[in-house]
Amino acid sequence: MADVKRAIENVEPWNDPQAQPYVRIENVTKMFGEFTAVDSVSLEIYKAEVFCLLGGSGCGKSTLLRVLAGFETPTSGRVLIDGVDMAGIAPYERPTNMMFQSYALFPHMTVENNVAFGLRQEGIAAAEISKRVGDMLDLVKLGPFAKRKPHQLSGGQRQRVALARSLIKQPKLMLLDEPLGALDKKLREETQFELINIQEELGVTFIVVTHDQEEAMTLSSRIGVMNAGEIVQTGTPNDIYEYPNSRFVADFIGSVNVFEGRIVEDQPDHVRIESQEAGCPLYIDHGVGVTSGSRVWVAVRPEKIEITRDKPAQQDNCAAAVVDEIAYMGNQSIYHVLLESGKKLRITRPNQSRTSSDSITWEDQVFVAWHPSSGVVLTA
Amino acid sequence: MSREGFVAMGERMMHGADPLARMLWRFPPYRWCVAVARRLGLTGRTAVIAIPYLWLLLFFLVPFAFVLKIALAEALIARPPYSSLIEWSEDTYLTIKLNIGNFLFLIEDDLYWKAYLNSGKIALISTLGCLLLGYPMAYAMARANPAWRNVLLMLVILPFWTSFLLRVYAWIGILKNNGLINNVLMGLGIIDQPIVMMQTDFAVYVGIVYTYLPFMILPLYANLERLDVTLLEAAADLGCRPTKVFFTITLPLSIPGIVAGCMLVFIPAVGEFVIPALLGGPDTLMIGRVLWDEFFANRDWPVASAVAIAVLLLLVVPIMLFQHFQSAEAEAGV
C-alpha cells in the first residue's frame, strides 16, 4: 500500500525520473490482415493514474484497450503490467478488468450476482463475497437495486453496475471503453465526477478510451491523442490544450485558428513569422529551432483573441477585420470575423455584463489582437 | 358505424381517386357486403386478424370435433363404422348417446398404456440425442465466419429437398445386416457376424434423430447467433475459464432455444408413425402405430379416435410449458 500512497502524493509521476511506470506498452502493433489498427504504440502509465486514450472512431484506441485486456494478441511489441510481461496470458488470468461500452451485463443474473461474478471465479468464501458485494453496491449507490435484473434498471444505473462489477476484483489496471458514452449529457457530467471520486478512493489505475475531448479533459491525469493507429501526443490536459504539437491535435482538442506562415527570425526566446493569411507580422514568445524560411503554422485559441473597435498599440499579432457572424451562447458569444486576406477567424468572448450599449455587432470594422504568449508554433 | 358514416364512406368511394374503388362501389352486391360488414362492426383490421382464426377453426377445430364425436360413439360393422351420437328415438325424442367406454378401454388395456409410455420414452431419448448432436452444430454455425454461416444453414436445410420416405429407406440400406455399416466393419475384419441394427429400437432412434435434427438446430442457431459475444468476453475478463463461461453464460442464455428445439422434436416424435414402421421391429410399440392398426387393421374407429384424443391431451402439457417459456422470455426481454 505504501507505493500506492506515494503515487497519489506524487502528483506528476511522469515528471519524476525516479518513478517506475506501472504499465508499459512497448512498440505494440496490431494488424488485421493488411490493415494496421495500432501502429507501434509505446506508452508508460503510472500507478493510480487516469490515462485517457482520445481519438476519433477507427483510430485504434479500442483495439489498444482490447490488447491490454488480452482479447487481441499484438502482432508485435509487448505489454508489461506491474513488471509482468502479458504475452501468452489469457484474459481470465490477467490482473485487468474491463468496463465495456455496452456494459455487457449478464441479462439472466441480478445486479448482485453480476457484481459477485468476478469474486465467485476466485473461490472466495460466500460470506466474504456477500460482504464485499454489499460494500461495492453501497459505493456506487445501488444497494436498494441488488435484486433487480439489468433490464429493470435505467442507463445510469446499468453503467454503475458495470463499474462495480469490474472494480470489485480490485484490478491492477482498470480498462474503460467509452464509460459515459451511453449516458445523456447531464447524467454524463454528474457521473464524470462520481467516477473520479471512486477512482481516487480506491487508487486503481484507469485507462479510459473516449472520443469526447471534454470527457478526456475532465477525467484524466494525462491524455494520449491517437490518430490512424498512432499516439500523436501525450500530456496533461493542460499541455495538450495549450501546447499541441501538431495541427491535428490543436484541431481535435477544442477549436483553434491556424495561420500558415514562414519563419523570418528564430531566437531561443521568440520567433517572428510572416503570414499572408494573418496579414500582420506574428510574434510568439518561444523559440522553435527550425531553419529560417521554413513553413510553419501558428495556432491561436478563440478565447485568447481580443476583439476591439479601437486600434491597439501593438504592431505584431494585430489585424483589421469585419464581423461576419455572431452567435450568442448565453455565457459567451462566438464571433466569426473576416480578415483582409479573406481568412475567417473564430473568437469567443465571455459575456461579463448583461447588456453593453457599445457592443460589437454585424458588419462592424474591428481589430483583433492577441498576446505573444497566446500563440503556438506548429511544425507539423 | 352510423348511417351518416356509411353514406360519407360511399361519397368518398364514389368521388375518391382510386378508380377500382369507384368501380366496385357501383356494383350493388359489393355495397351490400360492405354495409353488412359495417353493421357487424367488421373493419379491415379485424378481417385480417380473423383470417388465421378462421383457418384454425375450419381445419383444426372442426376436424377435432369430428374425431371427438367418433371417439364418443360405438363401433359398428356398418358404413360409417360407428354409431351416431344424436338419434331420434321413436321419432319423438332427440337422444344423445355418449359412450365413454372407448376411453375406459384405453385405461383398462395395458397395450395402450405401454404404447404411450414407450412413445414418450422414444421421443424423450431422441430429443436428448438431437440436443446433444444439435447443440454443438448450432454453436459452431453461430460462431462460424459470417460468410460461411449461410452455407452451413443451407446444408442443414438441404435434406428437406429430398423425400422424407426416401431418406428413411436410405437408412435401411445403411443399417441392414448386409448394409453399409456391417459390410465395412466385416470387410475391415473388426466383426465376423453382422450387428443386428435394423428392426430394433436403435434404428428407430437413429431415424428420428436424423429426421428431426434440423428442427433442433434451427431454433438453437437462431438463439446462439443472437448471443452477444461481449458477454463472453466480459465473463472471461472477470476471471472465468472458457468451459465455465459456457456453463454460466452461454448455456443459461440459450435455454429458450433449447426449449423451442426440444418441443419441435419431442411433439412430432411422440406421434411418429413412419419411422418406427419402417425401421423398428415388431416389438417397437409406438402410439402412432397403434393408432394406424386400430383404424386400418381393426377398423375400430371409435377406439382409434379415443387414442388420438389421448395423445393430444398428453401433448398439451409440453405445449403449454413451451408457451409459458416463450412468454417468460418475451417478458425478460432477453
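Every read-out reported here was derived from the displayed coordinates using simple, explicitly stated rules and does not represent laboratory data. From a predicted model like this one, the values you see are computed outputs, not experimental measurements. A quick note on method: Cβ atoms are made from the backbone with ideal geometry, for glycine too, and the neighbour counts reach across all protein chains shown.
Couple of notes before you dig in:
- Unit charges on C-beta of K, R, D, E only; dipole of the stretch B:104-332, Debye: 580
- Once exposed loop GluC sites (Glu not before Pro) are cut out (DSSP; at most 14 other Cβ, 10 Å), longest piece of chain A: A:123-339
- With both labels modelled 7 Å from their Cα along Cα-to-Cβ, the residue A:124 to residue A:336 distance reads 5.6 nm.
- Estimated translational D of the stretch B:210-334 in µm²/s (Stokes, Kirkwood radius over Cα pairs; 37 °C; 0.692 mPa s): 189
- Binned Cα-Cα distances of the protein assembly as shown, short to long, each 10 Å bin given as a whole percent: 2, 10, 14, 14, 13, 14, 12, 9, 6, 4, 2, 1, 0, 0
- Estimated FRET transfer efficiency when R0 is 45 angstrom, pair residue A:371-residue A:80 (beta carbons, to 0.05): 0.55
- Cut-off 17 Å, label 7 Å out along Cα→Cβ of residue B:196, residues of the stretch B:246-290 by amide N: B:279-285
- Relative contact order computed over the stretch A:255-378 (Cα-Cα under 8 Å; 6+ residues apart), in percent: 29
- Farthest toward the positive end of the dipole of the protein assembly as shown, out of B:311, B:140, B:247, is the Cα of B:311, where the dipole comes from beta carbon charges about the Cα centre.
- Inter-centroid distance (Cα atoms) of the stretch A:217-233 relative to the stretch B:238-270, Å: 43
- Once the Cβ-Cβ distance of residue A:325 and residue B:124 is raised to the sixth power relative to R0 = 56 Å, the FRET efficiency obtained is 0.15.
- Alpha-carbon Rg with Dmax, taken over chain B, Å: 28.0, 91
- Taking the Cα centre of the protein assembly as shown as reference, the dipole from Cβ charges on Lys and Arg (+1) and Asp and Glu (-1) amounts to some 2200 debye.
- Applying a DSSP loop filter and a limit of 10 other Cβ atoms within 10 Å to the trypsin sites (Lys or Arg not before Pro) in the stretch A:67-169 leaves A:147.
- Over 29 Å [Cα-Cα, chain A], rounded percent: 53
- Cα gyration tensor category, rounded, prolate or oblate, for the stretch A:1-124 with a/c compared to 1.5: oblate
- Sites residue A:309 and residue A:42, calculated FRET efficiency, Cβ-Cβ separation with R0 51 Å, nearest 0.05: 0.50
- Shown for chain B are the DSSP H helices of 30 Å or more along their axis, judged by Cα atoms, with a mean Kyte-Doolittle hydropathy of at least -0.5: B:110-143, B:201-226, B:301-332.
- Neighbour net charge for residue B:119 - beta-carbon separation under 15 angstrom, K R +1, D E -1: -3
- Within the stretch A:231-323: Cβ-based charge dipole about Cα centre, in debye rounded to nearest 20 (Lys, Arg +1; Asp, Glu -1): 220
- Label point distance in nm, residue A:359-residue A:242, each placed 7 Å from Cα along Cα→Cβ: 3.1
- Among the listed pairs A:47/A:141; A:61/A:141; A:61/B:244; A:169/B:244, a Cα-Cα separation exceeding 22 Å is found for A:47/A:141; A:61/A:141; A:61/B:244.
- Reducing the stretch A:98-151 and the stretch B:285-316 to their Cα centroids gives an inter-centroid distance of 54 Å.
- Residues of the stretch B:273-302 with amide N under 19 Å of a point placed 7 Å along Cα→Cβ from residue B:79: B:295-302
- Each label point was placed 7 Å from the Cα along the Cα-to-Cβ direction; for residue B:66 and residue B:132 their separation is 4.2 nm.
- Whole-number percent relative contact order across the stretch B:176-334, with pairs defined as alpha carbons under 8 Å at least 6 apart: 24
- For the stretch A:223-361, a/c is not less than 1.5, where a ≥ b ≥ c are the root eigenvalues of the C-alpha gyration tensor, and a/b does not top b/c. That puts it in the oblate class.
- Fully extended contour minus Cα-Cα distance, from residue B:166 to residue B:30, at 0.36 nm per residue: 44.0 nm
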